[in-house]
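The values are calculated or read from the model by the stated rules, or taken from the named source; none is laboratory data. Note that the coordinates shown come from a computational prediction; the quantities given were computed from them, not determined experimentally. Here the Cβ is made from the backbone with ideal geometry for all residues, glycine too, and neighbour counts use every protein chain on show. With ligands, DNA and RNA removed, areas are computed over all heavy atoms of the protein, side chains included. Shrake-Rupley method; radii C 1.70, N 1.55, O 1.52, S 1.80 Å.
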Amino acid sequence: MEKAYSPKEVEDRLYKKWLDDDNFKAVPKEKKEAYSIVIPPPNVTGVLTMGHVLNNTIQDILARRARQQGKSVLWLPGTDHAGIATQTKVEKAIEKMGRTRESLGREEFHLQACNWRDEHGGIILNQLKKLGCSCDWERNVHTLDEDYSKSVLAAFVKLFKKGYVYRGQRMVNWCPASLTALSDEEVIMKPQSSILYKIKYNILESPGAYLEVCTTRPETILGDVALAIHPEDPRWRNLEGKHVMRPLNPMAIPIVPDKAVDRDFGTGVLKITPAHDKLDFEISQRHDLPIIEILNADGTMNDVAGIDYAGIDRFSARKMIRDKLESEGLLMEEEPYQNNVGFSERADVPIEPRLSEQWFLKYPRVEEAKKVVKEGHIKFFPERWTKTYLHWMDNIQDWCISRQLWWGHRIPVWYRKGKVRTDPENWHVSVSGPSDPENWEQDEDVLDTWASSWLWPLATLGWPDDKEMESKGLNYFYPTSVLVTGPDIIFFWVARMIMAGLEFDGRSYKPEQEIPDYDLPERVPFKHVYFTGIIRDAEGRKMSKSLGNSPDPLDLIDKYGADGLRHGIMSIAPKGQDIRFSEDRIQQGRNFCNKLWNVARFRTMSGAIGENDSISDILARVKPEQIKDEDNAILVRLKSTIDEVENSYQYYEFNTVLHSIYKFFWNDFCDWYIENSKNRMKDEAEKETCLAIQDFCLREILLLLHPFTPFITEELWRLLAFGKDESIQFIPPTAGGEFINILKQAKIEIDPNSLAEIESIRELVTQLRALKADRNLSNNREVEFFFISDETNAALITKSEKSILEAAGAKSLIRIESPKSGLPAIVSSLGSFYLDLASGVNVEEETIRIKKEIEKLEQIIVSIEFKLDNEKFVSNAPPVVVEGARNQLVENQLKLKEARDILQAITEVS
RNA sequence: GGACGGCUAGCUCAGUUGGUUAGAGCGACUGGUUUACACCCAGUAGGUCACAGGUUCGAGUCCUGUGCCGUCCACCA
C-alpha cells in the first residue's frame, strides 16, 4: 500500500466495476422493500455546480444506505430540455454561423438544437459519474424523449378535456429579449434607482386648471386612455366625468373614479395605460376604456406611438419624451426614486406587462395538495418550508403555460385552416393530432418547461402507458421515497409535482370529486422532501456563473478525490441552512480519507489479515479472557456511534451522521485505541484479540462511511478482505439493536462501565502530558510521576499503568502517601500527580499555576453550594440532577483539598 | 408591508425535548519524524452565547420586544 491514498486510479476502476456488475440497476422485487429517488433533472447542456454536488451527494448517500439495508433501490437519472436557456444558447451558436432562427425555419432549427444538445448535452451526467453517483443509467430520461413528450401532451389533453386548460387574452409577463410570455415565478423583482416624473395634464373643461400625475415611465403616456382618481378623495370631488388633454399625441381622455387608486401615493392621480400595466388593464376593463398598444414585442416603440418614436427602444424613448415634456413645460418635477422592477429570470432584462393570447392552466387538486402536506402524507425537511408552501398554495394564480419558443413540447392544439382561432369550435386537441392534418395548422407555441418537469416522477416511470408503467415498475417504485432539492424551486417544481401527482396516477377521479383520504398516500409523488441549503461563497454570495465564484467540482475532484469532495461538502451541509463554501473543508475531506487509508495500512503492517469474511469470523478470533478495558470501551463507543448514526438518518441530519463517525474514528479509534494497541500487540497473547477487535471496528467504520465515501471504503473493504468477493455496497452496518446480541453470540459481554474508566484514564493522560509540556519535557520519556489517590482509583491506575506510561511518555508511576514538596503537580479525578523533577522547580511559576487552579475550583464549589443551598432547587429539580450536583461538590472539594496540599508543598520548599 | 431563517472562540459552524465547568474543525502559538498517517501527533491560548426584558430553583436553549444580516412572498403608478 502506498503511503498516501491516491483516489484517481481507485475511483475510475471501481466505478467501472460497479457499472459492469450492474450494481445500480433497479429491479422491482416483490419481497424487498422499494426505495426510489428521481433526480432533479439538471439542464441537459449544463455543467456541474457545487449545488449539484451537494444535492446529488445527498441522493447518493440515501441510495447507497438503502442498498446496504437490502432495499431494492431506484435512483432515476435524467435531464431537462430547459426551454429558454437552451434555445438562447443554440440561437447564439447559430448566430456565429451567420444565421438566425427565423432564416433556418422551425424544423431546421429544431434539428440544429438537437444536434447541439447531443453534442454538449450529457456532460453533466458524466460529471455525476465522476462524483460516484449510483444512478441506474439505463433508465436515463430526457424531457424531450419521445415517451416523455407523449406523457406531457397527454397531461395537457386530459386537463384540457376537464376544462382546466384554457386559452385567452390576458396580461402576461413578456420578456422583450426572449420574445415570450413568462409565468409569474419566472419574474424576479429587483430594486432599481429610477426617476419619478411629475407631469401636468390640463383639464379640458376648466381652462388653466390641471392635474399632476406621477410616473416612472413617461413613455407610456403615449398609450394613456384615462386618468383615475379615488372616488372618495375629496380633492377631486368635482372632476368626475371631466376630461384632460393627453400631453403627448394630444387627445381628450376621461377622468374615471376607481377604488384601486392609492390616494396617498404621489398626487393621488393615476394615469391609465391599459396595454402596458396590469392594474391599469384591470381598471380599464371596469370602465370600458380602449386599449392602446404602443410597444412592439421586442420592447421598441411601435407605429401607434408616432413617427418620432417608432422603432426606438423603450428606454431611449423615455429620455426623448422626458425632454419633449420639459420643452413644452409639462414636466413639473423629477426626483430620484427607488422602485421594484420585474426582470426576466433568464434574460435578465425588465419584463413588460403585455396583453396577449396565451394558454393558461387552472391548477388541479389544489385543496388536496395542501392537505397531503398539512396531514403529513408528504413530510418536508426542514419542516418550516411547509409554511412557505401553504402560503403559496393559498394565493395560487392560474399558470401561463405557453411559451413563444421553438424548443420544447409543441402545444397539441390544431386550428382549422382559415377559421377564427378564438372559437373553440375550430380546435382539435389531442396527443396524436387530427386525422386530416392538411386541413389544420398546429399552435405555434410550446409549453413552459416546468409544464413538462412537473410530471417527472410519473412520466419517468412510464405514465400514462400501461405497458410502460408495468415494465418500469411504477406500481412498485411510486410514490418515490424522497425528493432532494433546493428550496428555490419549491413553487416552480415541488408544489406543481404534488398537484400533478394527485391529479394523474392512472386511476381517474372526476375533477369535482375529492380524492378519498385512504388514497392520498398512494397518489403523492414522494413521501419526503429534503430541502438542501444554498451554497454560497466565502463572502456569502450565491454562487453563480456570472460572478465566477463557483469552483469547478471536477477540479476539486482532481485535487482531493471524489470521496474527499463528498466528505467535505457533507461536513458543512447543515440541515436546510445555507452553506458557506470553503475549499479548506474539502481538503479536510481528503485528509480524512488519507487517515482512513493509513489506519488500514497500519493494520496490514501489524499482522496478517485473518478470517475477515463475516462478523462471526472476525469475532471468532477474539479470546474472551483477553478482552481488556480498552476493548470494552471501544465497543461501547462503537455501539453508541451506530445508535447516533441511525437516529440522525431519521431526520436527514447528514452532518451529524458524519460528525459521529468522524469522532469515533479519529478521536476514539485512532487516537486512543490504535495508539494503545501498539503497546498491547507486543504481547502475542493479547495481539490476536486486539487485531480482531480492530478488524471488527474497521469493518463497521467502513460500512458506516460507505454512503459518504463509497470509493475508498470499497477499496479498503477488499484490501482488508471483509467479504471475499462481495461488494461493500450490499452489506448493512451492524444494527444498534442487534449489537449486543451479536457480541453475546461470540461470548463477548461488554461492560458499559469500562467506558467511564477509560475516559478518566484519557483525561489523566492529557493532564500528565500537559504537566510535562509546560516544563518543556514533552520529549522526555524517562520522567517519573508520584501520585496520591484512594484505593479504588489506585487500583484503576495500577490496572492501566502500562497504557498511562506509554501514552503520557513516562518511566514510572509511584504511589505515595503524602504530598511531595517542591514538585509541580496537577489534580485529576483520579488523584494528585507530581512530576519528579531532577532540576529545581520555578516556585513562582508553579505557585501561580496552582493558585489559578485553586481559584477555579473554589468558584465551581461556590456555585454548586449556592445551588444546593437553594431549597427550591433541591425540591424541584429532578433527583438525578440534584444527586449529580452533590457528587460534583464532593469531587471538587476533594480536588480543592489536594490542590491546597500541593500549594503548601511548593511553598514549603521556599 | 407580510412570512421565514441567522446572530455562540479570529474564521466556519455544532449544541435534539431547559439541568455539570458552552464544544468541534480551521487559523494562531509551543513542542515533536520512536516504522500508519506532517494530508500527522501532543499541548496552549481564545467566548458577557447580538441586545433588553420576562418565565423558572436553573436559560445559549422557552416567551416578549429591539437591532443587524439574509431569503422568500406581495407591491403604489
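Compute the whole-percent fraction of alpha carbon pairs in region A:79-135 spaced more than 13 Å apart.
Tail of P(r) above 13 Å: 64 percent of Cα pairs.
Could you give me the ³J(HN,Hα) list for region A:155-162, computed from phi with Karplus coefficients 6.51, -1.76, 1.60 and θ = phi - 60°, whole Hz, x at Gly and Pro?
Rounded to whole hertz, the list is 5, 4, 5, 4, 5, 4, 5, 7.
Near the amide H of A:LEU74, under 5 Å away, which other amide H atoms are found, from residues 5 or more places off or on another chain, if H is placed in the peptide plane?
A:TYR35, A:SER36, A:ILE37
Over the alpha carbons of region A:517-562, what is the largest minus smallest coordinate on each principal axis, giving the biggest first in Å?
51, 26, 16
Using only Cα atoms, tell me the angle between helix A:753-773 and the longest principal axis of chain A; keep it within 0 to 90° and round to the nearest 10.
With rounding to tens, the tilt is 80 degrees.
Looking at region A:481-547 from every direction and averaging, what is the projected area of its Cα convex hull in nm²?
Result: 6.4 nm².
Report the per residue volume, in Å³, of the convex hull enclosing the C-alpha atoms of region A:528-623.
Expressed per residue, the convex hull around the Cα atoms of region A:528-623 is 168 Å³.
Hey, what's the per residue convex hull volume over the C-alpha atoms of region A:373-463, in cubic angstrom?
Dividing the Cα hull volume of region A:373-463 by its residues yields 168 Å³.
Which of the lysines could be linked to A:LYS678 by a straight reach, that is with a Cα gap under 16 Å, when you skip same-chain ones fewer than 8 residues away?
Once the sequence-local lysines are set aside, what remains near A:LYS678 is A:LYS628, A:LYS687, A:LYS802.
Using only Cα positions of region A:842-887, each an equal point scatterer, no hydration layer, compute I(q)/I(0) via Debye at q = 0.22, 0.30, 0.33 Å⁻¹ and quote the log10 values to two decimals.
-0.72, -1.00, -1.08
Taking the square root of 5 times each eigenvalue of the Cα gyration tensor, what semi-axes in Å does the equivalent ellipsoid of region A:43-178 have, largest first?
Computed over region A:43-178, the values are 33, 23, 14 Å.
So what is log10(I(q)/I(0)) for region A:824-906 at q = 0.11, 0.16, 0.17 1/Å, when the Debye sum runs over its Cα atoms only?
-0.38, -0.66, -0.71
Can you list the equivalent-ellipsoid semi-axes of region A:561-615, largest first and in whole Å, using the square root of 5 times each Cα gyration tensor eigenvalue?
Taking √(5λ) for each eigenvalue gives 32, 13, 7 Å, largest first.
Given q = 0.11 Å⁻¹, what are the Debye log10 I(q)/I(0) values for chain A, with equal point scatterers placed on the Cα positions and solvent ignored?
Results for chain A at q = 0.11 Å⁻¹ read -1.30.
Once Rh for region A:620-688 is found with the Kirkwood sum over Cα pairs, what is the Stokes-Einstein diffusion coefficient at 20 °C and 1.002 mPa s, in µm²/s?
In µm²/s, the coefficient rounds to 161.
State the Cα centre-to-centre distance between region A:566-621 and region A:738-791 in whole Å.
24
How much accessible area does A:ARG781 have with a 1.4 Å probe, in Å² rounded to the nearest 10?
Roughly 120 Å² of A:ARG781 is accessible to a 1.4 Å probe.
If you take the C-alpha gyration tensor of region A:17-117, multiply each eigenvalue by 5 and take the square root, what semi-axes do you get, largest first, in whole Å?
The equivalent ellipsoid of region A:17-117 has semi-axes of 39, 14, 11 Å.
Sort all Cα-Cα distances of region A:703-838 into consecutive 5 angstrom bins from zero, then give the percent of pairs in each bin up to the one containing the longest distance.
Per 5 Å bin, starting at 0, the Cα pair percentages come out as 2, 9, 15, 14, 11, 8, 9, 10, 11, 8, 4, 1, 0.
Taking Cα centroids, how far is region A:127-151 from region A:484-552 in Å?
The distance from the Cα centre of region A:127-151 to that of region A:484-552 comes to 18 Å.
Between region A:403-475 and region A:283-313, how many Å separate their Cα centres?
The distance from the Cα centre of region A:403-475 to that of region A:283-313 comes to 33 Å.
Beta carbons within 10 angstrom, averaged per residue: use that to sort the peptides A:495-503, A:665-673, A:752-760, A:42-50, highest first.
Sorting A:495-503, A:665-673, A:752-760, A:42-50 by mean packing, highest first, produces A:495-503, A:42-50, A:665-673, A:752-760.
Dimensions of region A:227-289 along principal axes (Cα, Å, largest first)?
The Cα atoms of region A:227-289 stretch 29, 23, 22 Å along the principal axes, largest first.
Quantify, in whole percent, the carbon and sulfur part of the accessible surface of chain A (1.4 Å probe; protein heavy atoms only).
Using a 1.4 Å probe with all protein chains present, chain A comes out at 49 percent carbon and sulfur.
How are the alpha carbon pair distances in region A:657-774 distributed across 5 Å bins from zero to the largest one, expressed in percent?
Pairs per bin, as whole percents: 2, 9, 15, 20, 22, 15, 10, 5, 2, 1, 0.
Can you list the trypsin sites (Lys or Arg not before Pro) in region A:382-462 that are in a DSSP coil and have 14 or fewer other beta carbons within 10 angstrom?
Those that pass, being in a loop and sparsely packed, are A:ARG384, A:LYS417, A:LYS419, A:ARG421.
Which of the peptides A:882-891, A:518-527, A:356-365, A:126-135 is most tightly packed, and how do the rest follow, judged by the mean count of other Cβ atoms within 10 Å per residue?
Result, highest mean Cβ count within 10 Å first: A:126-135, A:356-365, A:518-527, A:882-891.
Count the net charge of all other residues whose Cβ sits under 11 Å from the Cβ of A:THR641, scoring Lys and Arg as +1 and Asp and Glu as -1.
-2
Please compute one quarter of the surface area of the Cα convex hull for region A:185-283 and express it in square nanometres.
Computed as one quarter of the Cα hull surface, the answer is 7.0 nm².
When the Karplus curve 6.51 cos²θ - 1.76 cosθ + 1.60 is applied with θ = phi - 60°, which whole-Hz ³J(HN,Hα) does each residue of region A:171-187 get, with x for Gly and Pro?
After applying 6.51 cos²θ - 1.76 cosθ + 1.60, I find 6, 10, 7, 10, 9, x, 8, 8, 6, 8, 6, 10, 7, 4, 5, 8, 9 Hz.
Quick check: convex hull over the Cα atoms of region A:341-383, volume per residue in Å³, rounded to an integer?
Looking at region A:341-383, the number lands at 165 Å³ per residue.
What percent of all Cα-Cα pairs in region A:763-866 falls into each 10 Å bin, going from 0 up to the bin containing the maximum distance?
14, 46, 31, 8, 0
What is the angle, in °, between the Cα long axis of helix A:684-705 and the longest principal axis of the Cα atoms in chain A? Nearest 10 is fine, range 0 to 90.
The two axes meet at around 10 degrees.
Cα-based Rg (one decimal) and Dmax (whole number) for region A:718-771, in Å?
So, for region A:718-771, Rg and Dmax equal 17.8, 51 Å respectively.
Amide H to amide H, which residues 5 or more places from A:LEU355 or on other chains are under 5 Å from it, using H placed in the peptide plane?
Long-range HN contacts for A:LEU355: A:VAL172.
Enter the angle in degrees (range 0 to 90, nearest 10) between the Cα long axis of helix A:83-96 and the first principal axis of the Cα atoms of chain A, meaning the one along which they spread out most.
70
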